[in-house]
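Since the structure comes first, as structure tokens, the remarks are kept for the end.
The values are calculated or read from the model by the stated rules, or taken from the named source; none is laboratory data. From a predicted model like this one, the values you see are computed outputs, not experimental measurements. Note that each Cβ is placed from the backbone with ideal geometry, even for glycine, and that neighbours are counted across all protein chains shown. Areas reflect the complete protein model, heavy atoms only, side chains present, ligands, DNA and RNA absent. Shrake-Rupley method; radii C 1.70, N 1.55, O 1.52, S 1.80 Å.
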Amino acid sequence: MKTFNYSLVSSLCALIIGILLVAWPGMAVSYLVITIGVLFLVPGLLGLVTSFTQRSAQRSALPVVALGSTLFGIWLIIMPGFFVSILMYVLGALVVMAGVSQLSNLAAARAQLPVPWAWFVVPVLVFVAGLVVLFNPFEAATVPFILLGAAAIVYALTDLVRLFRYRRRSEQS
């Protein structure tokens, strides 16, 4: 019975997380950046505290890395939207360049041997995906969270069905 309760709780948690990710994917992106900020902040603060507690015993230089990590973590926590938009612009530009590179490589290969037109479909799609990200960066950042949320909902619902069917059959035996 304990296994059933644990499985039920984990399935319900997955269902709740999935619904939240699908309903508010923009918040999920921001919370991910905030979490990364905390991951920079905590070691930075520990480095600063360690440095200043040991500094009195022995003279050492200012802990630049720890200070930088702390400040960067605070900046990520305070302004997550800024970093999401910058990251999406950079990723969009990289994807556009990847599409252009693939297209130019196929065009160069076509000059020497026959290349079917079907081979140009994927590079064009890559190029278009990069343009979509460049012109709508925040919306593009939320798509993976929507997919993750949908997957969590499907997992939770199928697991709940499995749990109740299994429980009913094991009680009948």
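Remarks
- Candidate set: region 55-77, residues that are open to solvent by 60 Å² or more (accessible area, probe 1.4 Å) and at pLDDT below 80; chosen: the one nearest to Ile36 (Cα to Cα): Leu62
- Being at pLDDT 85 or above and surrounded by 13 or more Cβ atoms within 10 Å (Cβ to Cβ) holds for only one residue in Ala111, Ala152, Ala118, Ala141, and it is Ala152.
- Counted as qualifying within region 11-112 are the helices (runs of 4 or more DSSP H) with 1 or more residues that are of a type in the set (Ser, Thr, Tyr), closer than 27 Å to Ala156 by Cβ and without any contact (Cβ under 8 Å) to a residue 60 or more places away in the chain, namely 25-55.
- Boolean, Ile146 is assigned to a helix (DSSP H, G or I), modelled with pLDDT of 90 or more, within 25 Å of the chain's Cα centre (by Cα) and of a type in the set (Val, Ile, Thr): no
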